[in-house]
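Peer 1: The following block contains the structure, expressed as structure tokens.
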Amino acid sequence: MLPLHFLTACLFFLVAQVAGDERHLIFINKVSIGNLAALEILMRRGGYTHAHIILNGIRHFNKAVGHFDHWIDAFGRQRSPDTSPAFTTYKGRSLPDDHPGEWYESSFLGTPREPGKKSLYEMKFLRGVIYDIHQVVSTSPRDHQWIYDQIIAKDAYIGRVFVQHGPNTQIYDNLGLSRSFHIELERIYRTARRILIVCTNSIEPAEISVSLSELNYRLPYEHLYKASKDPFAANTLIRVNNVLNGEKAELEFLPENLRKVERDENTSFVEAVRRLVREGLNGRDVNLKASLNSWVPEARKTVKNEMKKSQDDYQRAYLGTLLQRLDAIVLKLKNGQPREGEVAFADPMLTVVLFSNKYKPQPFPRQEQGEASSSSSSGCRGSRVCNAELGQKQKVAGTEAMTYKNLPRQELLDEVLKHFPENDKLGSYTWAFPGDHTSPYPN
């Protein structure tokens, strides 16, 4: 006969399972290096037995799955097969026809393959499981509503709903809904245990990029090297120049002797500009940095004035997006972009907050209906919502959305790095350089 204490322990285990001890992650992302690093932290800390990977905001789904596999393989070799969580990939919402896709899609790694499921709506939910939703790229409230309805129908539970606010909550063709996305989340996930909405301005200072040297040997070197090619600053400056001066105008943010951008047949125009701009941001080209220091603040003022004057919602939203991107460049000019390059890394820095009791959330700022500013629709950085210039607070039924303010950037980054100890098997980004592998700077 089995001992009584053993039978009691077994009974307790079974009750815990029925009460929702098993936990699944629904991860809505676009397989950027920041997305994938955040996922790695979630899988190591969240206790998930299964992760549902929804691919949104990209054009080439098959290549994205191959890229995801390549990342998982790099870290999966370090996990025990007995404890590895199961992953299922899903084809998410396609981009609008006029959207070119993400800049890194042309250099996806791995072997392309079809997503495990052709649609989010093929996801199967299990009774009693706790589901956490983690969104780091735009999706539709209709998708959230469907997820909620399926979870409730299966007598499962909604744990934490986490959304990065700003461009990640813009809803294509529905700017009004974008502005009130937090209200939609509260309406949909009224039985969730927690709803958290954060943005880059939750971090102080709001510098979301991290130098390659800090991540070297901590992340798969090929992913790290390719992520360092992000043309964020170059694309921003080109778009702002087009708005202010016309698409055929010279690039006035560059010194006159550099405005005729030279490139070879294997280098795109944007990539050529990226290399130039990098030299100004990191201070190696003194004249170029001086030109940027002069041009960017003036361009920012002009864009802000144009946004205020515009009567077109979509134009104001676009200008608002450019304004927040210019704010990021101002910060890079002030701090000096790392000489060896950098990668956008806000996602993991915001994710580690979920596993700490040190930082206290507060209610998400409210605005009166119809008073949302155009800047809040275009993104979190610089918006009245994120700066807590509160309008009239609306009554919340059920779970109230919370947010964070003034999260210390360096503390968050230090915590992230603890999850990615140096490992020679992951390699150095310098290995990815063509030709001279000893070069300390990416091209």
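Peer 1: Starting from the range 33-51, take each residue that is farther than 14 Å from Ile72 by Cα and list its partners that are of a type in the set (Phe, Trp, Tyr) and assigned to a helix (DSSP H, G or I), counting only C-beta distances under 7 angstrom and pairs at least six apart or across chains.
Peer 2: Taking only residues 6 or more apart or on different chains, the pairs are Arg45/Phe355.
Peer 1: A follow-up question, please. Can you find a residue in the range 141-156 that is surrounded by fewer than 23 Cβ atoms within 10 Å (Cβ to Cβ), more than 28 Å from Phe364 (Cα to Cα) and among the small types (Gly, Ala, Ser)?
Peer 2: Start the filter on the range 141-156 by keeping residues that are surrounded by fewer than 23 Cβ atoms within 10 Å (Cβ to Cβ), which leaves 141-146, 148-150, 152-156.
Adding the requirement that they be more than 28 Å from Phe364 (Cα to Cα) leaves 153-155.
Now drop any that are not among the small types (Gly, Ala, Ser), which leaves 153.
Yes, the range 141-156 contains at least one residue that is surrounded by fewer than 23 Cβ atoms within 10 Å (Cβ to Cβ), more than 28 Å from Phe364 (Cα to Cα) and among the small types (Gly, Ala, Ser).
Peer 1: A follow-up question, please. For the range 179-215, which residues satisfy the criterion of being in a loop (DSSP other than H, G, I, E, B), aliphatic (A, V, I, L, M) and within 20 Å of the chain's Cα centre (by Cα)? Lay out the reasoning, then the answer.
Peer 2: Applying the first criterion (in a loop (DSSP other than H, G, I, E, B)) to the range 179-215 yields 180, 189-193, 199, 205-208.
Checking the rest, the ones that are also aliphatic (A, V, I, L, M) come to 192, 206, 208.
Those that are in a loop (DSSP other than H, G, I, E, B), aliphatic (A, V, I, L, M) and within 20 Å of the chain's Cα centre (by Cα): Ala206, Ile208.
Peer 1: Output the number of residues of the range 252-285 satisfying the condition of being β-branched (Val, Ile, Thr) and over 26 Å from the mean Cα position of the chain (by Cα).
Peer 2: Applying the first criterion (β-branched (Val, Ile, Thr)) to the range 252-285 yields 261, 267, 270, 273, 277.
Filter once more, so that each one left must be over 26 Å from the mean Cα position of the chain (by Cα): 261, 267.
Counting residues in the range 252-285 that are β-branched (Val, Ile, Thr) and over 26 Å from the mean Cα position of the chain (by Cα) gives 2.
Listed here are the residues, each with its yes/no results for (1) of a type in the set (A, V, I, L, M, F, W, C); (2) over 25 Å from Glu340 (Cα atoms); (3) modelled with pLDDT of 95 or more.
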site	(1), (2), (3)
Gly159	no, yes, yes
Gln164	no, yes, no
Ser178	no, yes, no
Arg193	no, yes, yes
Cys199	yes, yes, no
Pro205	no, no, no
Leu212	yes, no, no
Phe232	yes, no, no
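Peer 1: Read through the list (1) surrounded by fewer than 17 Cβ atoms within 10 Å (Cβ to Cβ); (2) modelled with pLDDT under 95; (3) not in a loop (DSSP other than H, G, I, E, B), then give the number of the only condition that Asn293 fails.
Peer 2: (2)
Peer 1: Ala317 passes all but one of (1) under 28 Å from Pro408 (Cβ atoms); (2) part of a helix (DSSP H, G or I); which number fails?
Peer 2: Condition not satisfied by Ala317: (1).
Peer 1: Then there is this: Quickly run through the range 226-255 and pick out the residues that are surrounded by 11 or more Cβ atoms within 10 Å (Cβ to Cβ), among the charged types (D, E, K, R) and farther than 27 Å from His67 by Cβ. Outline the logic, then answer.
Peer 2: Residues of the range 226-255 that are surrounded by 11 or more Cβ atoms within 10 Å (Cβ to Cβ), as a first pass: 226-245, 249-255.
Then drop every residue that is not among the charged types (D, E, K, R), which leaves 226, 229-230, 239, 250, 252.
Within the range 226-255, Glu250, Glu252 meet the criteria.
Peer 1: Tell me, please, whether a residue that is modelled with pLDDT of 90 or more and either among the basic types (Lys, Arg) or under 17 Å from the mean Cα position of the chain (by Cα) (or both) can be found in the range 397-404.
Peer 2: Yes, because at least one residue in the range 397-404 is modelled with pLDDT of 90 or more and either among the basic types (Lys, Arg) or under 17 Å from the mean Cα position of the chain (by Cα) (or both).
Peer 1: In the list Thr111, Thr139, which residue meets the criterion of being over 18 Å from Gly34 (Cα atoms) and assigned to a loop (DSSP other than H, G, I, E, B)? Give the derivation first.
Peer 2: Details: Thr139 fails: over 18 Å from Gly34 (Cα atoms).
Just one listed residue meets the conditions, Thr111.
The values are calculated or read from the model by the stated rules, or taken from the named source; none is laboratory data. Owing to the predicted nature of the structure, the values given are computational and were not obtained by experimental measurement. Virtual Cβ from ideal backbone geometry, glycine too; neighbours counted across all protein chains shown.
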